[in-house]
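See structure below.
The numbers here are math on the coordinates, done by the rules we state, and not lab data. Computed from a prediction, not measured in an experiment: that's the story for all the values here. Counting neighbours? That spans all protein chains shown, and the Cβs are built from the backbone with ideal geometry, glycine included.
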């Protein structure tokens, strides 16, 4: 069986290591290069002892000559770095990016939210915001596949079908999300050293978290009216997982059963989305170490209001897992490859 050669840039962060673990299991992928800026010469097992494959390449510093030997480039780098790599891509290369570099369709919006000038503006048009279940049929038209952020993944998957179907009011959506601290990267321990990270819950980015930009962009793409929402993220004393609680006003005469059935029909062919029975109580424990998103539609004590729960693993479905899922859709592989 022929294999595609892959390069992983940013292979030693939480997302990068998880991506290595998934690609090791993928029968169509050969990990040709592992790249890191400060870990040159080390093996990936130095950063995660559970990786015991001995024939993986040692970590090297990225240089553009490596692109000659690979078909796919995965980037799990700090924001701004994938843009530089995108400018050096060859015709044969497909870039699957796990940073925010190509999530926003406006360079001005990128500067506003990330405080970095976009250095690959011409490549924005060559990129797609690739939430797999929503964009799978369009991927082949693009050379740069931009994977959504972890919070937006948990939020957009339940909301897009309801907005497309015009079932909910869009002027006051309330989103409360709680994430494991791995979502903040390896620097989280230093950044939050005074927050008692392992025993406390912390709100952050209130009103102005960067993921507001992509949530707004994507919801507005499917809405007949401009969306108004409030999103508040929290760091939880757990390593991985996200639970989002979304408070919605439904249109008049729309029942909770109809909302639930609409979600089930929308995702009936998507094996990684599970719409649970109404009022199911979700736990991140149900989805960690998987590529699944679990969704539960719950009753509210108020008429015409519902509460949606959405749970994912931020490092897999919210990161490396959907990168592999996009890879599978792009090349026509079985969607479970590397993921089940």
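Which order do the peptides 251-258, 83-90 take when ranked by the mean count of other beta-carbon atoms within 10 Å per residue, highest first?
Per-residue mean Cβ counts within 10 Å order the peptides as 83-90, 251-258.
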Principal-axis tilt of helix 321-331 within the chain, Cα atoms, nearest 10 degrees: 70
At R0 = 25 Å, FRET efficiency that the Cβ-Cβ distance of residue 198 and residue 51 yields, to 0.05: 0.55
The chain: antiparallel DSSP beta bridges as a percent of all, rounded to 5: 40
In degrees, nearest ten, helix 256-266 long axis to first principal axis of the chain (Cα): 30
For region 308-340 versus region 1-75, the gap between their alpha-carbon centres in whole angstrom: 18
Using alpha-carbon coordinates, inclination of helix 150-164 to the longest axis of the chain, degrees: 50
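Just check region 151-314 against the gyration tensor rule for me: Cα atoms, a ≥ b ≥ c as the square roots of the eigenvalues, rounded for a/c under 1.5, and otherwise prolate or oblate depending on whether a/b exceeds b/c. If you can, show how the numbers build up before the last one.
Numbers: a/c = 1.95, a/b = 1.55, b/c = 1.26.
It is prolate, given that a/c is not under 1.5 and a/b is the larger ratio.
Show that you can apply the helix-only estimate: for the chain, add -39,500 (n - 2.57) for every DSSP H stretch of four or more residues, divide by all residues, and state [θ] at 222 nm to the nearest 500. All intermediate terms of the calculation are to be shown ahead of the outcome.
Working: 10 runs with 86 residues, N = 340.
Using -39500 (n - 2.57) per qualifying helix, the result is -7000 deg cm²/dmol.
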Distance between modelled label sites at residue 290 and residue 340, nm, 7 Å Cα→Cβ extension: 1.1
Bridge type composition, region 151-314 - antiparallel percent by DSSP, nearest 5: 70
Surface/4 estimate of mean projected area, convex hull on alpha-carbon atoms of the chain, nm²: 17.1
Gained length - residue 230 relative to residue 87, 0.36 nm times residue gap less alpha-carbon distance: 47.9 nm
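Could you calculate the contour length gain from residue 269 to residue 166, that is, 0.36 nm times the residue separation minus the distance between their Cα atoms, to one decimal place in nm? Walk me through the numbers on the way to the answer.
Numbers: separation 103, 0.36 × 103 = 37.08 nm, distance 2.15 nm.
That works out to 34.9 nm of additional length.
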Simple spin-label estimate for residue 302 and residue 69 in nanometres, 7 Å along Cα-Cβ: 6.0
Ranked packing of 13-22, 161-170, 287-296, most packed first, by mean Cβ within 10 Å: 13-22, 287-296, 161-170
Alpha-carbon centroid distance for the pair region 243-266 / region 278-293, whole angstrom: 18
